[in-house]
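Note sheet for the following structure.
Just so it is clear, none of the values below were taken in a lab; they were calculated from the coordinates. Note that the coordinates shown come from a computational prediction; the quantities given were computed from them, not determined experimentally. Note that we place each Cβ from the backbone using ideal geometry, even for glycine, and neighbour counts take in every protein chain shown.
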Amino acid sequence: MNLLIGHKVSFALLLSVSLVLIASMGCSHISNPQGWSGGVIVDDALIMGSMDGQVLSINPENGRQNWPPVKIRVEEKEENKRAVYGTPAIYENIVFVASYDGKLQAFALHDGRLLESEPVANEFVGGPVFSQGRLFVGSSDGIMHAYDVDVNGQTVILEKAWEFSVEASIWSTAAVEDNLLVFSSLDHNVYALDAKSGKELWKFQTGAAVAANPVLHKGNVYVGSFDSVFYSIDAFSGDENWIIDGNNF
């Protein structure tokens, strides 16, 4: 198992940033995704994607590139989908990227060489996440995909485990802990699934679309919605613990 080292952000800061974003954006309009992906750090590499469709490996100590940026390959008719919005995931020294053109891409961590490119969906906005050798990623066609991943040297094999459909796009990156998978959707709901079977455990309805990545921590789910409310939800029952209403600020 690879050790992924990320910058730790306090819960208070996470809460503050989420509320500011929700309050400023409102719930009446959701535009196309913009900007850089998040980054993930492993050893001496900060791996991230860009809106112009490049995957980069940067030394976090000095900002130098570990290898030249790799440009996502897209078909000519999908040139406008050359983008990476979701944070990459690292598994067995392989960089996994969900690109905006709906492909799961696998690159060698040490040199950026493309190892696999699997067409999966129409569009990906959120990033992939791993648990126990299984990759989870949601797509804009409203499907949460689960793939079992086998890495043999530089060979990457993706085998579909299950898929789960919802009523609108999934822009969030799922959170997973043990056998619990949690994600949000633009259909106003937060979902919890059994990570092994894909069976729905519960569904929590908010007042508007949810594009934020849920945080799963100590048996609770934390997420903000475009209704300007930040929610704490019991991760096992799906019941509301508490809310903070940004409309009252």
### Message
At 7 Å along Cα-to-Cβ for each site, give me the label-to-label distance between His217 and Arg64 in nm.
### Response
3.6
### Query
How long is the gain from Glu118 to Asp194 if the chain were fully straight, where each residue apart is worth 0.36 nm and the alpha carbon distance is subtracted?
24.9 nm
### Message
Can you compute the modelled spin-label distance between Ile244 and Asn93, with each label point 7 Å from Cα toward Cβ, in nm?
### Response
4.3
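What do you get for GluC sites (Glu not before Pro) in the range 163-219 restricted to DSSP loop and a cutoff of at most 13 other Cβ within 10 Å of the site's Cβ?
Numbers: sites: Glu163, Glu167, Glu177, Glu200; in loops: Glu167.
Sites meeting the loop and neighbour criteria: Glu167.
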#### Entry: the chain, dipole about Cα centre (Lys/Arg Cβ +1, Asp/Glu Cβ -1), debye to the nearest 20
380
## Note on the structure
Protection proxy (average C-beta count within 10 Å per residue), highest first, orders 102-113, 122-133 as 122-133, 102-113
### Student exercise, the range 32-165 dipole from Lys, Arg, Asp, Glu Cβ charges, in Debye to nearest 20
200
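Counting Lys +1, Arg +1, Asp -1, Glu -1, what net charge surrounds Phe183 among other residues with beta carbon under 15 Å of its beta carbon?
Details: positive: Arg134, Lys199, Lys203; negative: Asp141, Glu163, Glu167, Glu177, Asp187, Asp194, Glu200.
Local charge sum for Phe183: -4.
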### Query
What's the long-distance tail for the range 32-165, i.e. % of Cα pairs beyond 23 Å?
26
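Set the bar at 28 Å for Cα to Cα. Now go through Lys196/Lys218; Lys81/Lys218; Lys71/Lys160; Lys71/Lys203 and name every pair that lies beyond it. Write out the running numbers ahead of the final one.
Values: Lys196/Lys218 20 Å; Lys81/Lys218 37 Å; Lys71/Lys160 26 Å; Lys71/Lys203 38 Å.
In this structure, Lys81/Lys218; Lys71/Lys203 lie more than 28 Å apart at Cα.
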### Query
Around Ala235, with a cut-off of 11 angstrom between Cβ atoms, what is the net charge of the other residues, counting Lys and Arg +1 and Asp and Glu -1?
-3
### Task
Working from Cα positions, state the angle (0 to 90°, nearest 10) between the long axis of helix 11-25 and the longest principal axis of the chain.
80
### Query
What is the magnitude of the charge dipole of the range 162-249 about its Cα centre, with +1 placed on the Cβ of each Lys and Arg, -1 on the Cβ of each Asp and Glu, and no other charges, expressed in debye to the nearest 20?
140
